[in-house]
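Before any comments, here is the structure.
The values are calculated or read from the model by the stated rules, or taken from the named source; none is laboratory data. Note that the coordinates shown come from a computational prediction; the quantities given were computed from them, not determined experimentally. Cβ atoms come from the backbone with ideal geometry, glycine included; neighbour counts cover every protein chain shown.
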Amino acid sequence: MKVFVVRHGETDWNKHGYAQGHTDISLNGDGRRQGQLLSDHLLKIPIDRIFCSDLKRCRETIATFEAAVRTKVEVRADLRERSFGEWEGRHFTDLHAALRDLGENTGLDTSEVRPPGGESFADVWNRVGPFLEEIETLSGNVLVVTHGGTAGVIIARMILATVKTCRSFRFGNTGLTELERRNDNGYMIRRLNDLRHLGEEFER
């Protein structure tokens, strides 16, 4: 069994460095082209099930592939990005500083800090747990279309790491990660944040 985890294509908020979280932003022109190039690549891989965040930037990323293979995408709210609550729309530079200050003021570990009305990494870790339990009951190849932060959490859980490990991963738009189930039911990372399908059209 293989699990392919992909981040959505580019949005204008990605391009300008704004935190999206649960804010439902559509792809921009480059994001739609990235989705097309991703689809062309995925057509070379046998995919049995497709799971996708319910936010537009993910659904639009996989729409071309869904139409080509005629495999219904299974839309999941539990695959959303971490919610930044009242701080969504802030530039990531400001957001990271605010999260750091909040952690220092509350004495919480980075993984446990919640923006006002938002989620911590630990919350996302718990949110995706039941989904990954479902994955363990499947066979064949599974595609998961999600967000950068959530992808990091999913991969950290799959390789039996800790919630802090999720911050060690970074994903470009439509970056593709491939994990293969071992005989002991653990997972091996075959490729991480693969962007070769974008060719020379996009700077890496």
| Residue list for the stretch 8-24, filter: out of contact with any Gly (no Cβ under 7 Å at 6 or more places or on another chain) and among the aromatic types (Phe, Trp, Tyr) | Trp13
| task | Mind listing just one residue for me: the one in the stretch 89-125 that is of a type in the set (D, E, K, R) and touching a Lys or Arg at 6+ places or on another chain (Cβ under 9 Å) and, of those, nearest to Ile159 (Cα to Cα)? | result | Asp123
| Residue that is farthest from Lys56 (Cα to Cα) [pool: residues in the stretch 81-109 that are hydroxyl-bearing (Ser, Thr, Tyr) and surrounded by fewer than 16 Cβ atoms within 10 Å (Cβ to Cβ)] | Thr106
| task | Sort out which residues of the stretch 133-160 are exposed (fewer than 15 other Cβ atoms within 10 Å of the Cβ) and among the hydrophobic types (A, V, I, L, M, F, W, C), and write them in order of number. | result | Leu138, Ile159, Leu160
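Conditions tested, residue by residue: (1) in contact with a strand residue (DSSP E or B) (Cβ under 7 Å, 6 or more places away or on another chain); (2) closer than 24 Å to Gly17 by Cα; (3) without any contact (Cβ under 8 Å) to a residue 24 or more places away in the chain.
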| position | (1), (2), (3) |
| --- | --- |
| Asp101 | no, yes, yes |
| Ser111 | no, yes, no |
| Phe121 | no, yes, no |
| Asn126 | no, no, yes |
| Leu138 | yes, no, no |
| Leu143 | yes, no, no |
| Gly149 | no, yes, no |
| Arg157 | no, no, no |
| Thr174 | yes, yes, no |
| request: For Arg167, work out the one condition from (1) under 19 Å from Asn193 (Cα atoms); (2) modelled with pLDDT of 95 or more it doesn't fulfil. | output: (2)
| task | Mind telling me which of the residues Arg57, Arg90 ends up being touching a residue at least 40 places away in the same chain (Cβ under 8 Å) and under 17 Å from the mean Cα position of the chain (by Cα)? | result | Arg57
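Would you be able to say whether some residue in the stretch 177-186 is crowded, with 19+ Cβ neighbours inside 10 Å, of a type outside the set (Gly, Ala, Ser) and under 20 Å from Leu55 (Cβ atoms)? Give the derivation first.
Residues of the stretch 177-186 crowded, with 19+ Cβ neighbours inside 10 Å: 177, 179.
Of the ones still in play, those that are also of a type outside the set (Gly, Ala, Ser) are 177, 179.
When the remaining residues are screened for being under 20 Å from Leu55 (Cβ atoms), the result is 177.
Yes.
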| task | Taking Asp194 as the residue in question, decide whether it is of a type in the set (D, E, K, R), out of contact with any Asp or Glu (no Cβ under 9 Å at 6 or more places or on another chain) and farther than 22 Å from Arg90 by Cβ. | result | no
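Would you be able to tell me the number of residues in the stretch 85-94 that are within 25 Å of Asp30 (Cα to Cα) and either at pLDDT below 95 or part of a helix (DSSP H, G or I) (or both)? Break it down stepwise before answering.
Our first condition is that a residue be within 25 Å of Asp30 (Cα to Cα); within the stretch 85-94, this holds for 88-93.
So of that shortlist, the ones also either at pLDDT below 95 or part of a helix (DSSP H, G or I) (or both) come out as 92-93.
Summing the residues that are within 25 Å of Asp30 (Cα to Cα) and either at pLDDT below 95 or part of a helix (DSSP H, G or I) (or both) in the stretch 85-94 gives 2.
I'm checking my understanding of the structure. Among residues of the stretch 27-84 that are of a type in the set (Phe, Trp, Tyr) and not in a loop (DSSP other than H, G, I, E, B), which one is nearest to Ser139 (Cα to Cα)?
Filtering the stretch 27-84 for residues of a type in the set (Phe, Trp, Tyr) gives 51, 65, 84.
Then drop every residue that is not not in a loop (DSSP other than H, G, I, E, B), which leaves 51, 65.
Values: Phe51: 14, Phe65: 21 Å.
Residue satisfying both the conditions and the ranking: Phe51.
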